[in-house]
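The next block holds one structure in the form of structure tokens; read it before the comments.
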Amino acid sequence: MRTDSPQTIFRKDYTPPSYLVETVELGFDLDPARTIVANRVTMRHNPDSKNRDIVLHGEDIELVAIRMNGTELNPGQYILGATTLTIKGAPLNVVLEIETLCAPQDNTTLSGLYVSNGSFYTQCEAEGFRRITYFPDRPDVMAVYTVMLRADKEKYPVLLSNGNLVEEGTLPDGRHYAKWEDPFKKPSYLFALVAARLVCQEERYTLKSGREVLLQVWVEDGNLDKTDYAMQSLKNSIRWDEERWGLELDLDRFMIVAVGDFNMGAMENKGLNIFNTKFVLANPATATDVDYAGIEAVVGHEYFHNWTGNRVTCRDWFQLSLKEGLTVFRDQEFSADMIGTDSGRAVTRIDQVRTLRQAQYPEDAGPMAHPVRPDSFVEINNFYTVTVYEKGAEVVRMYLTLLGRDAFRKGMDLYFARHDGQAVTCDDFRQAMADASGRDLSQFERWYSQAGTPVVTATSTYDAENQVYELTLAQQCPPTPGQPTKLPFHIPVAFGLLGAQGSDLPLNADGDTTLILELMGEREVFRFEGIAEQPVPSLLRGFSAPVILEYPYTDEELVHLFRHDSDPVNRWEAGQRLAMSRLLDLTAAVQQGAGLELDYGFIAAQRALLLDDTLDAAFREQALILPSESVVADRMEVVDPRAIHTARQFMRKTIATVLRSELLNAYAANDTPGEYSPDAVSAGKRGLKNLALAYLCAAPDEHVLTLAFRQFEGATNMTDRASALVALIHTGANVDAQLEAFYQQFDGEALVIDKWFAMQAGAPNTDVARVRELMQHPSFTLKTPNRARSLLFSFCNGNPAQFHAPDGSGYEFWAEHVIKLNALNPQVAARLARSMDRWRRYDPALQVHMRTALERVAAAPKLSNDVLEVVSKALSN
Ligand code: TRP
Ligand code: ZN
């Protein structure tokens, strides 16, 4: 293992920048092998700093020349470090002119300026701008940018950057140019350029104020038939931000560009959002309902960043959740409002809870656990996490829950009024909320500073004679790396009581049936009078806080909640609790070699729900999905992935067998003939129909197989086609012909080929050897993150029973590919590295193999900081 530990950056070490930048003029002579970047910055000393040294960041670029206030600097006048350029004791006012070289075609990291399918794109967040030019590449340095792009006109007919196009024309030698000005001050991470062969769908759109703006969605030729939904989502986003928050688009032109090689989902560059094609391109033949929903959410997310992120940005990267948590909250609300109904809203909420449990709780309980506002990091790219994003969104949602809708809106208004044009902190946001509402939110700060998932334990007593119900809530949070003990959180617990008939009981004289209890101490008692009958508590309604709530429910109480709770999220939750207890029991039975049995009471509850026509199909689908294998794993002291898989398969098969006719009816009743529409009602029907098919395929007979094959062949949309194929693959039936037909039909549609790889990687009978075979396929490449994810991540994260093969072959495969990816794309490699986060929780025999694999990666030469941080944290005690 290597001994030189990488440098850790601490939040407490923040100092203001020594110099501020006023203007930036960038000139690009774009060439894949040798791009020349000329950068002219005007800087002045920051009165808030005592330091008179100018520190510029730079990485993987070649310095050609540097001039200060008109005079060329010789190497003795600056210090060129590995990643910095320092000018000691600079004058108060400085104009720097810097010329550098870079090679975009060799840039496989997809950070900085790179080439994808022959065109130029940039990605600067978090620290990619320094891979383009020397600059104080930190978010609290905000400046106005002018950009001149020059490139071959034939190869790169479209030249885009932030803001407004102010000039364009032709140059000698078949080149052309375009000049862009962004009138708004921005941090360097929001800079972007695109020089590409693209086409666009465009539209003039009138804002509420009457101002007209130009909206464009840019894609490669041949994809214009897949841009409608992104454009519609953009218009919906603009309208929604006006209506719900009073926030208007500030530019005259707003562009979305889709690129096939991209590390994450999308990027909110000012006026020029750059997207992973996955979150732009959709038509009924190629995209599923889930893909459509993803496009709406991500288009919204990036658009909403214009205010929460761009106009008001982060002081430093420790404050990342200031923009990400808030913007995820905003996109969640947007998606919910777009559905519009209460039950549709609940379904989006259930999805959010599922993501938290599936991904964030494990992160909070593992070696990479960190607070929503981290205290330190080695590589900031490793902190674009579910904790910062999704738990961060939960933290914002808790303000809403505690303050109410009006005060929360006042807090948002105050936040913008105070901080527009500034780079600020999470504390500034909390202060705005506190000042606008008059509430004391000091204890609430611990949601930002303490990592780990709090466990809230509830107990209750009912005194029938005096009609008094007492609820005791206690909280405790497990230790996390660097935080052995925790102080109590300020936890909003939405609470109600159900009577024997299933209806809500009034909790006070006003007749309220849901109250927000505020748990502040370690243990508190809440007392309710006039409770006329023995109730069943409905706790944490709407999932009012990101905690684990424990209450000693009986099965009868859970069935009661599952049937009647007026809060749909808790209805769903009761079903999950019922299913989880059975999954844990069955897993134990598998391990003991005992006979497996599923009680009829549980199946009867599932049956009643499936047959309840008063419920939306989308909700019924959610309620019938069993907790995933990894969520079950998270509940086990010692994880046995194969036993979990066997137990869950048994449960699915038993449900399928007992409820065969009900499932067949649901399958038939939820067909959506006619023209495809991704709206929530149709998508919900398809979801329930395809869930029914998946269940039926867990106990397949001739009839069921015929239905699935017929659906695959006759499908008029990708949701139905892919669902049928996945269901068939999971039966173990021979589907070689179908897989081949699917491949042939969609050859050239990269996003569909990704699905083709992913569905095979996640199949229960796909072992390591088969994945290695798939990697030999001519369409496979590690260089495109979407493709790498479709095979490697789908296998390592989505196929636990095979990944955790007892001989350790899955881990060997993992190590080999983390190392390969490390050399190409450290960000993606580090994401894959995290598949091993929870290794200490596994069966000791598996742990031996896991440790070997982790140590192999840790010892690999030329390890990036990204991967090194992840594996060394996993190995440390
Ligand atoms: N800020 C972007 C978002 O929230 C995500 C992002 C951060 C990103 N770093 C990135 C995207 C690196 C691509 C590459 O949507
Ligand atoms: Zn974001």
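The values are calculated or read from the model by the stated rules, or taken from the named source; none is laboratory data. This structure is a prediction, so every number in the text was calculated from the model and none was measured. So basically every Cβ, Gly included, is an ideal-geometry build from the backbone, and we count neighbours across all protein chains shown.
Of the residues in the range 80-95, none is farther than 26 Å from Arg175 by Cα and within 16 Å of ligand 2 (Cβ to nearest atom). Identification of strands (runs of 3 or more DSSP E) wholly contained in the range 170-228 with 1 or more residues that are modelled with pLDDT of 95 or more and of a type in the set (D, E, K, R) yields 175-187, 199-206, 212-219. The criterion of at least 3 residues that are more than 27 Å from the chain's Cα centre (by Cα), touching a residue at least 60 places away in the same chain (Cβ under 8 Å) and closer than 30 Å to Leu322 by Cα is met by the following strands (runs of 3 or more DSSP E) wholly inside the range 442-558: 515-519.
Determine, yes or no, whether Leu663 is surrounded by fewer than 19 Cβ atoms within 10 Å (Cβ to Cβ) and not in a loop (DSSP other than H, G, I, E, B). When the stated conditions are applied, Leu663 does not pass them. Scanning the range 289-321 for residues that are part of a helix (DSSP H, G or I) and within 12 Å of ligand 1 (Cβ to nearest atom) returns Ala297, Val298, Val299, Gly300, His301, Glu302, Tyr303, Phe304, Trp317, Leu320, Ser321.
Scanning the range 257-278 for residues that are within 11 Å of ligand 1 (Cβ to nearest atom) and within 17 Å of Thr327 (Cβ to Cβ) yields Met264, Gly265, Ala266, Met267, Glu268, Asn269, Asn273, Ile274, Phe275, Asn276.
Remark: pairs (first residue in the range 585-600, within 24 Å of Leu659 (Cβ to Cβ); second residue of a type outside the set (D, E, K, R) and assigned to a loop (DSSP other than H, G, I, E, B); Cβ separation under 6 Å; 6+ apart in sequence or on different chains) = Leu586/Leu596; Ala589/Leu596. Tell me which residues, restricted to the range 733-762, are of a type in the set (A, V, I, L, M) and not in a helix (DSSP H, G or I). Result: Ala733, Val735. How do the pairs read when you match residues in the range 384-398 that are over 17 Å from Pro492 (Cα atoms) and in contact (Cβ under 8 Å) with a residue 40 or more places away in the chain with residues anywhere that are outside any helix (DSSP H, G or I) and within 13 Å of ligand 2 (Cβ to nearest atom), using Cβ under 8 Å and keeping only pairs 6 or more apart or on different chains? What qualifies is Tyr384/Ala126; Tyr384/Met264.
Every condition in (1) out of contact with any Cys (no Cβ under 9 Å at 6 or more places or on another chain); (2) within 10 Å of ligand 1 (Cβ to nearest atom) holds for Phe254 except the one numbered (2).
Restricting to helices (runs of 4 or more DSSP H) lying wholly in the range 777-877: which have 3 or more residues that are among the hydroxyl-bearing types (Ser, Thr, Tyr)?
The helices (runs of 4 or more DSSP H) meeting that bar number zero.
Which of the residues spanning the range 381-413 are farther than 27 Å from Gly542 by Cα and either in contact with a Leu (Cβ under 8 Å, 6 or more places away or on another chain) or more than 14 Å from ligand 2 (Cβ to nearest atom) (or both)?
Answer for the range 381-413, where residues must be farther than 27 Å from Gly542 by Cα and either in contact with a Leu (Cβ under 8 Å, 6 or more places away or on another chain) or more than 14 Å from ligand 2 (Cβ to nearest atom) (or both): Asn382, Phe383.
Are any of the residues in the range 257-279 within 30 Å of Arg11 (Cβ to Cβ), touching a Gly at 6+ places or on another chain (Cβ under 8 Å) and of a type in the set (D, E, K, R)? Yes, because at least one residue in the range 257-279 is within 30 Å of Arg11 (Cβ to Cβ), touching a Gly at 6+ places or on another chain (Cβ under 8 Å) and of a type in the set (D, E, K, R).
Go through the range 161-198 and count every residue that is under 18 Å from Asp250 (Cα atoms) and hydrophobic (A, V, I, L, M, F, W, C).
Total satisfying the criteria: 7.
When residues in the range 322-345 are screened for being touching a helix residue (DSSP H, G or I) at 6+ places or on another chain (Cβ under 7 Å), more than 10 Å from ligand 1 (Cβ to nearest atom) and either among the aliphatic types (A, V, I, L, M) or not in a helix (DSSP H, G or I) (or both), 5 of them pass.
Does the range 291-298 include one or more residues that are farther than 23 Å from Arg197 by Cα and within 12 Å of ligand 2 (Cβ to nearest atom)? Yes: the range 291-298 contains one or more residues that are farther than 23 Å from Arg197 by Cα and within 12 Å of ligand 2 (Cβ to nearest atom).
Which one is farthest from ligand 2 (Cβ to nearest atom) among residues in the range 267-288 that are farther than 21 Å from Asn164 by Cα and outside any loop (DSSP other than H, G, I, E, B)? For the range 267-288, the residue satisfying everything is Thr277. Taking the range 30-41 as the range and being in a strand (DSSP E or B) and surrounded by fewer than 17 Cβ atoms within 10 Å (Cβ to Cβ) as the test, the residues that pass are Ile36, Arg40. Give me the residue from the range 299-328 that is of a type in the set (Phe, Trp, Tyr) and away from ligand 2 (no atom under 11 Å from the Cβ) and, out of that set, nearest to Arg430 (Cα to Cα). So, considering only residues that are of a type in the set (Phe, Trp, Tyr) and away from ligand 2 (no atom under 11 Å from the Cβ), the one nearest to Arg430 (Cα to Cα) is Phe318. Among residues that are more than 20 Å from Leu63 (Cβ to Cβ), in a strand (DSSP E or B) and out of contact with any Asp or Glu (no Cβ under 8 Å at 6 or more places or on another chain), Val115 is included.
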